[in-house]
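The values are calculated or read from the model by the stated rules, or taken from the named source; none is laboratory data. Not measured: the values here are computed from a predicted model. In this analysis, Cβ positions are derived from the backbone assuming ideal geometry, glycine residues included, and neighbour counts consider all displayed protein chains. To get the accessible areas, we keep the full protein, side chains included, count just its heavy atoms, and leave off ligands, DNA and RNA. Shrake-Rupley method; radii C 1.70, N 1.55, O 1.52, S 1.80 Å.
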Amino acid sequence: MIKTVDLAKVYQTDEVETTALNQVNIEIKEGEFVSVMGPSGCGKSTLLNVLGMIDNPSGGEYFFNGEEVGHLSERKRSNIRKHNLGFVFQSFNLIDELTVFENIELPMLYTKVPASDRKKRVEELLEGMNIMHRRNHFPQQLSGGQQQRVAVARAIVNRPKVILADEPTGNLDSANGDEVMKLLTELNASGTTILMVTHSQYCAEFGNRIIRMLDGQVVTENVVKQYL
Amino acid sequence: MWLNYLKIAFRRLANNRIVSVLNSLALAVGLTVALLIGIFITHELQYDRWVPDHEQVFRVYRVWNQTSNVVWTPSPLAEKLRSDYPEVISASGLSPSGEKLVELADKQIFVEHTAAVDSTFFQVVSLPFAAGDPETALSDPKGMIISTKLAEIIFGEEDPLGQTIRLDGTDDYFITGIISLEGRNSHLAFDLYRRFEWYSPYWSGNNRATYVKVNQNSSVEGLEGKVTTDVNKLVQQELAGMNLNVNAEDQAEWRLQPFAKIHLHSSEYSWIQSKKGNIEHLYIFGLIAVLVLLVAIFNYVNLATAQATQRGREIGVRKVTGAMRSQLVSQFLTESILIALVAGVIAIVLTVLLLPVFNEVVDRTLTLQEYGLLGVIGMVLLTIITGLLAGTYPALVISGYRPVEVMQKKFFHAGDKGLFRKVLVTSQFAITITLLLFMAFIYKQIHFMNSQDLGFDPEQIITVPLNFSTTNYSIQNRKNDLLAIPGVEAASVSSRLPGKLIPDWTIRIMGREEGYNPYVIFTDPDFAEVMDLNVKEGRYLDEEIAADSVNNFVVNETLVREFQLDDPIGAEIKFTSDTVWGRIVGVVEDFNFHSLTRPIRPLVMGGGERKWFASVRLNTAELDQVLASIQTLWQEIEPTHPMRFEFLDEEFAALYEEQSRFGNTVLYSGLLTLLIALLGLFGLTMFSVQRRVKEIGIRKILGASVSSIVKLISLEFILLIIVAFLIAVPVSFYIVRKWLENFAYQTDVSWWLFPVIGLVIIIIAMITASVQSLRAANLRPATTLRTE
């Protein structure tokens, strides 16, 4: 589903050149739950951004579903993104001016899902995540755990093939963190591919496989559980 | 989707109250100025365009050397146009006949705007008749046409047709037609029309305007050429009969001015016209409206782009969830249009409130009603276009951020370092300072003209128009009684007065072949004393010398210089139509008998009988009492008319009313532009403070004082305003110099006004910028750092 060949990302400012990704070669199959670990600044978030097509690689190739997407235009990448990818962030990234319902509904507006379907799908998710009673609240009125559940709901509402999660439990206490990990595991069980960046060994072990990175390179790949 | 855009736009408006208020207020002020000026411009452009067949109607005028335009034409011209040129359908003369006293039973009304016309006038110009027949209304020499407004005042509910009214206490006329303009505007806004009482057969005398209606598709230029050749030949033949040569360069070109252009394109024409329009002012007003609106739009652009830093997360999320750039652009444009619509509503309220003041400034009676549905559509369109213009740049910039950068707040430090914003702020203040500097010089010029030594003393002189030619003699007979009133110093009668329209006559100088055209005032011997004229050579006219009341003349210095009279006293001159030669007996020091927009021209003062104004010099602290005594005496001098007087100095000052009104418009626009720019500056410092809150905290921990923090924040904006000032100085210098070219007498372009205005604006801007920076500087560092 995802394959990179010598993927590279170099940030260039006036005087400094920082290599964030250096010859990264990974492959993620459909249905996998892959965790990416490594110290701060090792390039794991950059990898997630490039794989999520919200950042361009500086070199190498990136195949998504067999198609080279690393060098597509923003418009084309945006098109692939909205139909195939869902994002979960450490800081939730909900839009303050939209209610819980509207935040979850947002991706479907961009994929032009009819209003009645949108309502049905959002309500299913709200129900499933046990936040139906919060549907008309604004993000500031929710706890961290609730906000992340809304963010997960938003990420999966378009039924993406892949979910990219960047430290999804980083801002949560352990109970709420567990809750989110449970959600991700369930999604994976139902067939969604998940790529998660995390600092936490505990969280990483929810995945089938752990990729460890250092200084922009993949150093080891551990199989935690056998992929079926 | 749109619902989502609207929802988020509304919520943002509500959540960011200060920015919303700043933005919508600034746009509202800009839209108000644009709306008021727009209403005015539309009003001015609509003059006469509604008159049927106006495209076929023209007014004849004469041009010399492409510069000086005169509307006065000879009496026989209309008849010649009708009979000799196949392209002419009809032609007819008109002359404003000033103020008339209308009487019906015990009602006495002074009608300010009256005109004399040929009987066929309304066959040329199809003004709408509410009653009567335009073809025949003036067939009878005693027929009279009045406006519906005058009819209502005189007759109320009664039918005016056929009723008789008395004019100027002597002649009876009967009403044969009622003209109703129904609120539409025309340069022909007379309340009373009657037939000419006289006709001059001369081609060299110009005494009326001639209107002509031509066939569709006929060549106007062709007709102009033919008329120029034919009429100039007639003039030349006539003058040759008087032994006068006419130089080819002294011959005018005869032109046709389109009817609908008369209102706006006649400011340079010598002609009596109430509420004259001025196309140049219209262009300047239009430009001001655009500039003020632009300053308001810049405000929005600045605040929206500054605010964008707070919207990084939203933009990022929308992008990663699949928003196309075009969708984000649509979203931001929805917001700007929404704000513009809110501003539009405020602008309509402000316009309604300000319209009475604006009407005074532009001397019109504009109403919103006259624009109806079209006005509403125009307003909505203007608002939406404003919203689009304001929103486009921010929308393109904000939607162009890459999600990964905005999510990581990297874009704060990337990009143009706010260069574009700086350019906009500088432009805003450059426009503001230019307008205010221009305004300052308009006022300086008006003050200069009002305080200039005119060469005569207009203070404490009352002037009274005379209604009959015989009143002249009545005054002479009662002059001693008039002078006996304590406080009356001197009294005089004259054909014209300084500041009024003064005619030019053709004169001959003994021993020379060519004719000359000086301005002419007929006065009695006391005129020099009343006006306090300074006789430089010889003497003024004398009562004791019989020839002084017939054909002796006093001239001004300019005449001596321009007509090259080496020895003026005793030089023989005469009007072309006179048979006997007269002599120059005195030379007076030059005085401004026109407004200071025009240079002093050659002037002849003689003792002829045509005298239409009395002027009385007073010297009293008890004005009311003296005026009451004069009024009592006046009832004996001219029993049929109540005395109507004006003060000469006020009349002279009124010559600059148009400039004053223009100055006021620039002043108000300048101040409103300043207000908008300050609103923007306030918003920008607010964002600057928000962005630098952490920096401020760290600086404070390291020992920075409040004043150094205020300086830090304010300085970046003050520098921009100084740059704006440096741009505004040459621009306004150029504009002021250009504008002053309209005046023969010009105030100095004093250098000190530039720094004074600049400094005032910089101080106001500093105060505005300090409000926010002071607040930030006074926050405890713990709070500011925690916020970050």
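So which residues in the range B:308-328 are open to solvent by 20 Å² or more (accessible area, probe 1.4 Å) and more than 13 Å from every other protein chain (Cβ to nearest Cβ)?
Hit for the range B:308-328 is B:THR309, nothing else.
A:GLY170 passes all but one of (1) under 30 Å from A:GLU17 (Cβ atoms); (2) touching a Lys or Arg at 6+ places or on another chain (Cβ under 8 Å); (3) of a type outside the set (A, V, I, L, M, F, W, C); which number fails?
Of everything listed in (1) under 30 Å from A:GLU17 (Cβ atoms); (2) touching a Lys or Arg at 6+ places or on another chain (Cβ under 8 Å); (3) of a type outside the set (A, V, I, L, M, F, W, C), A:GLY170 misses just condition (2).
Against the condition part of a helix (DSSP H, G or I), in the same structural domain as B:GLY30 (by TED's automatic domain parsing) and touching an Asp or Glu at 6+ places or on another chain (Cβ under 7 Å), how does B:VAL397 come out, does it pass?
No; evaluated as a whole, the condition is false for this residue.
For the range B:358-389, which positions are assigned to a helix (DSSP H, G or I), without any contact (Cβ under 8 Å) to a residue 12 or more places away in the chain and open to solvent by 80 Å² or more (accessible area, probe 1.4 Å)?
Across the range B:358-389, the qualifying residues are B:GLU360, B:GLN369, B:LEU373, B:LEU374, B:VAL376, B:ILE377, B:LEU381, B:ILE385.
Among B:ALA78, B:ALA14, B:ALA28, B:ALA9, which is the only one that is away from every other protein chain (no Cβ under 14 Å) and either surrounded by fewer than 17 Cβ atoms within 10 Å (Cβ to Cβ) or in contact with a helix residue (DSSP H, G or I) (Cβ under 7 Å, 6 or more places away or on another chain) (or both)?
It is B:ALA28.
Any idea which of B:ILE761, B:ILE735, B:ILE701 is out of contact with any Ser or Thr (no Cβ under 8 Å at 6 or more places or on another chain) and farther than 23 Å from B:GLN307 by Cβ?
Sole residue among the options that is out of contact with any Ser or Thr (no Cβ under 8 Å at 6 or more places or on another chain) and farther than 23 Å from B:GLN307 by Cβ: B:ILE701.
Give the range B:130-154 a look and list any residue that's of a type in the set (S, T, N, Q) and in a loop (DSSP other than H, G, I, E, B), or say none.
Result: B:THR136, B:SER139.
Do we find that B:ILE384 is within 14 Å of chain A (Cβ to nearest Cβ) and not charged (D, E, K, R) in this structure?
no
Could you list, in sequence order, all residues of the range A:119-131 that are more than 11 Å from A:GLN146 (Cα to Cα) and loosely packed, with under 14 Cβ neighbours inside 10 Å?
A:LYS120, A:GLU124, A:GLU127
The rows are residues; the columns are (1) open to solvent by 80 Å² or more (accessible area, probe 1.4 Å); (2) touching a residue at least 40 places away in the same chain (Cβ under 8 Å); (3) not acidic (Asp, Glu).
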position	(1), (2), (3)
A:LEU164	no, yes, yes
A:LEU172	no, no, yes
A:ALA189	yes, no, yes
A:ILE210	no, yes, yes
A:MET213	no, yes, yes
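Identify, by number, the condition in (1) among the hydrophobic types (A, V, I, L, M, F, W, C); (2) at pLDDT below 90; (3) under 30 Å from B:PRO781 (Cα atoms) that B:LEU720 doesn't meet.
In the conditions (1) among the hydrophobic types (A, V, I, L, M, F, W, C); (2) at pLDDT below 90; (3) under 30 Å from B:PRO781 (Cα atoms), B:LEU720 misses (2) alone.
Taking the options B:VAL560, B:VAL520, B:VAL535, name whichever one is among the hydrophobic types (A, V, I, L, M, F, W, C), open to solvent by 40 Å² or more (accessible area, probe 1.4 Å) and assigned by TED's automatic domain parsing to the domain that holds B:ARG496.
Answer to the selection: B:VAL535.
Among the candidates B:GLU99, B:GLU87, B:GLU135, B:GLU55, single out the residue that is surrounded by fewer than 19 Cβ atoms within 10 Å (Cβ to Cβ) and without any contact (Cβ under 8 Å) to a residue 24 or more places away in the chain.
B:GLU135
In this structure, is B:LEU341 over 43 Å from the mean Cα position of the chain (by Cα), more than 9 Å from every other protein chain (Cβ to nearest Cβ) and in a helix (DSSP H, G or I)?
Considered against the rule, which asks whether it is over 43 Å from the mean Cα position of the chain (by Cα), more than 9 Å from every other protein chain (Cβ to nearest Cβ) and in a helix (DSSP H, G or I), B:LEU341 comes out as no.
If I filter the range B:629-638 for residues that are among the small types (Gly, Ala, Ser), more than 24 Å from B:GLY538 (Cα to Cα) and surrounded by 22 or more Cβ atoms within 10 Å (Cβ to Cβ), do I get at least one hit?
no
Could you list, in sequence order, all residues of the range B:205-228 that are out of contact with any Pro (no Cβ under 9 Å at 6 or more places or on another chain) and open to solvent by less than 80 Å² (accessible area, probe 1.4 Å)?
B:TYR211, B:VAL212, B:LYS213, B:VAL214, B:SER219, B:GLY222, B:LEU223, B:GLU224, B:GLY225, B:VAL227, B:THR228 - these are the residues of the range B:205-228 that are out of contact with any Pro (no Cβ under 9 Å at 6 or more places or on another chain) and open to solvent by less than 80 Å² (accessible area, probe 1.4 Å).
Residues B:ILE153, B:ILE146, B:ILE178: which one is open to solvent by 80 Å² or more (accessible area, probe 1.4 Å), touching a residue at least 40 places away in the same chain (Cβ under 8 Å), over 26 Å from B:LEU77 (Cβ atoms) and of a type outside the set (D, E, K, R)?
Exactly one residue qualifies, and that residue is B:ILE153.
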